[in-house]
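Q: First the structure, then my questions, so here it is.
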């Protein structure tokens, strides 16, 4: 069954264009190294909750918007192989320099997930 890496992150509204440029390049790199799917989605109908929500999960500030992103792989083993190649790719390592990202990386949430239902 497929495997998914998921991400939730806050992006300053003034940096959306810069973030989407980086995301396009990252998606290209992931796909070149074997990822099946790469998606970056900007919040459109996401409200703060009473106890929890996407905005609360990243401590969203007034001048920011939430991005919800995912990458699909054949399996966990496939993800591990793709990720090893991606992390060695110079296009990605350049992005990982301190201050290179147009958002607060300390408030990004990510993790790997086994697909439980696929229709």
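Q: From the list 88, 61, 50, which residue is at pLDDT 95 or above, more than 17 Å from residue 5 (Cα to Cα) and exposed (fewer than 11 other Cβ atoms within 10 Å of the Cβ)?
A: The match here is 88.
Q: Which residues, counting only those in segment 65-75, are farther than 21 Å from residue 21 by Cα and buried (at least 16 other Cβ atoms within 10 Å of the Cβ)?
A: At the first step, the residues of segment 65-75 found to be farther than 21 Å from residue 21 by Cα are 73-75.
Result: 73, single match.
Q: Those residues that are more than 14 Å from the chain's Cα centre (by Cα) and closer than 23 Å to residue 91 by Cβ, I need them from segment 36-54; list them, please.
A: Within segment 36-54, just 36 meets the criteria.
Q: Restricted to segment 21-35, and to residues that are surrounded by 16 or more Cβ atoms within 10 Å (Cβ to Cβ) and in contact with a strand residue (DSSP E or B) (Cβ under 8 Å, 6 or more places away or on another chain), which residue is farthest from residue 95 (Cα to Cα)?
A: Of segment 21-35, the ones surrounded by 16 or more Cβ atoms within 10 Å (Cβ to Cβ) are 22-23, 26-27, 29-30, 33, 35.
Now narrow it down to the ones that are in contact with a strand residue (DSSP E or B) (Cβ under 8 Å, 6 or more places away or on another chain): 23, 26-27, 30, 35.
On the way: 23: 10, 26: 9, 27: 13, 30: 14, 35: 19 Å.
Top of the filtered list is 35.
Q: Sticking with this structure for a sec: In this structure, is residue 108 surrounded by 10 or more Cβ atoms within 10 Å (Cβ to Cβ) and in contact with a strand residue (DSSP E or B) (Cβ under 8 Å, 6 or more places away or on another chain)? Spell out how you get there, then give the answer.
A: Numbers: surrounded by 10 or more Cβ atoms within 10 Å (Cβ to Cβ): yes; in contact with a strand residue (DSSP E or B) (Cβ under 8 Å, 6 or more places away or on another chain): yes.
Answer is yes for this residue.
The values are calculated or read from the model by the stated rules, or taken from the named source; none is laboratory data. Treat the numbers as computed from the prediction; the structure is a model and nothing was measured. Here the Cβ is made from the backbone with ideal geometry for all residues, glycine too, and neighbour counts use every protein chain on show.
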